[in-house]
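Report on the structure given below.
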Amino acid sequence: MPVSGVSYLPILIFLAVAILFPVVSLLLARVVRPSNYSRAKMDPYECGVETQGEPRQRYSIHYYVIAVLFVVFDVETIFLFPWAVKYRALGLFGFVEMLVFLAILVIGYLYAWKKGALEWV
Amino acid sequence: MGGVTYMTWVERRVAGIVQDRLGPNRVGPAGLLQPIADGIKFLFKEDVVPPHVYKPLYILAPALSFVPSLVGTAVIPFGDSLHLFGRDIALRVADLNVGILFIFAMSAMGVYGIALAGWSSNNKYSLMGGLRSSAQLISYELAMGLSVVGVLMAAGSLRLNEIVAAQGEFRWNLWYQPLGALVFLVAAFAETNRAPFDLPECESELVAGYHTEYSSMKFAMFMMAEYANMITASALMVTLFFGGWQVPGLGRLSLPPLAVSLVQVAAFLLKTGFFLFLYVWVRWTLPRFRFDQLMDLGWKALMPLAVLNIFWTSWAILSGWL
């Protein structure tokens, strides 16, 4: 099958419709909806109690660690995809090659585990 | 032209499955018109935009979460091809050679919507919800990506229709890679932020998580995005592991081609419907995870299992068993 941009045309149409929907519905809602200002409605919503503290709080460093680990292992997954598609053609060579590749990554994974990067306190 | 026709069909299907609820039974026969009433109500609701939000991103976020979720459904093959009036109509909106990567790309886009919604709301619960959601989505995306590698090896293609075709009527990937199917199922639940992984919303601690400060149509968009994601995930589950539109033993019956196509589409919808039902079923059955349990499951259980599945599949293919 020839690879061309034509196969993306339906996606583009779909995308246009998908983008049009929020735009149209938001504009339509703007016309028909009521708008009653009230001071209480404008407070940050916290189940009715008075707002406590700042919204920008300090949060756990673990979110960053997880993000960094994600980048590392996601790139690994992306490397695996082309290999997986051509696996039958590669045969034993591909198997051994990927064994080495995965072994290196598993060592990294175990290191991260051992260092407590996966622990959530 | 066929694409546009089926696009509207898919749209209606998406809308139809969003109706999945038991409660409302007053609007129309058995409450069938309830979603329309809901939509109208959403449209007529006041849209409160509090002064403390960062407006550009606050408005962009729901759209950013809604648009990719809808576009992602476009590449799912819901049937082989329909032979009608002397022409073959492929039963999918778009047939990309990188179909599965496209779906992953679209589902990854959804993270931006949620993270930006949490951040731009300037509400501490929203921020917590957005952060949790981002961490959860990227963690389970890994397991999901790894669990799919086995399927790609078996099919030798990224094109979703070829993945289905490679499975044949009986050789569904489920039988050969039960581990991969399990990991994918769990990861799919987490990716769609559904119970028991609905920590981003987690109403008992975070009010409503990232969409606490949203109302009216913007809130509706988050909801629709969630349901559209569920449908994509269910359809993908069926496509990758449950033989897509394949029906065991259908080839032997020697039915006319049109009937075969219709039965295949029906089978696909039935299978997808089952997983959608499973979503709802699980939601009302299982309690929510704690966040550390969620992360442990994703990183320490699903990741190794997914890698194990890759080893198993590569060995099975190498030994000629698969």
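The values are calculated or read from the model by the stated rules, or taken from the named source; none is laboratory data. Computed from a predicted model, the values in this text were never measured in an experiment. Every residue, glycine as well, gets a Cβ built from its backbone with ideal geometry; the counts of neighbours run over all protein chains shown. Keep in mind that these areas ignore ligands, DNA and RNA; they rest on the heavy atoms of the full protein, side chains included. Shrake-Rupley method; radii C 1.70, N 1.55, O 1.52, S 1.80 Å.
Numbers for the structure displayed
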| read-out | value |
| --- | --- |
| Simple label model, 7 Å out from Cα along Cβ direction - A:LYS114 to B:ALA316, nm | 3.2 nm |
| Fully extended contour minus Cα-Cα distance, from B:GLN293 to B:MET223, at 0.36 nm per residue | 22.6 nm |
| Sorted peptide list for B:108-120, A:105-117, B:234-246, criterion being average Cβ within 10 angstrom, highest first | B:234-246, B:108-120, A:105-117 |
| For residues of B:275-281, the mean tally of beta carbons on other chains within 10 Å | 0 |
| Spacing of the two label points (7 Å from each Cα toward its C-beta) at B:LEU270 and A:VAL75, in nm | 4.7 nm |
| Euclidean distance between Cα centres, region B:169-187 to region B:51-66, Å | 38 Å |
| Using a Förster distance of 35 Å, the FRET efficiency for A:ARG30-A:ALA67 (Cβ separation, nearest 0.05) | 0.45 |
| Sites B:LEU258 and B:VAL280 - FRET efficiency at Förster radius 45 Å, r taken between beta-carbons, to 0.05 | 0.85 |
| Inter-chain Cβ neighbour average for residues B:171-181, partner chain, 10 Å | 0 |
| Packing-based ranking, highest mean first, of B:152-164, A:20-32, A:77-89, B:133-145 given that Cβ atoms within 10 Å are counted | B:133-145, B:152-164, A:77-89, A:20-32 |
| B:TRP175 versus B:ALA108: modelled label distance in nm, points set 7 Å from Cα along the beta carbon direction | 3.4 nm |
| Where B meets A: accessible area buried, both sides, 1.4 Å probe, Å² | 6400 Å² |
| Shielding by partners, peptide A:89-100 (average Cβ within 10 angstrom, other chains) | 2 |
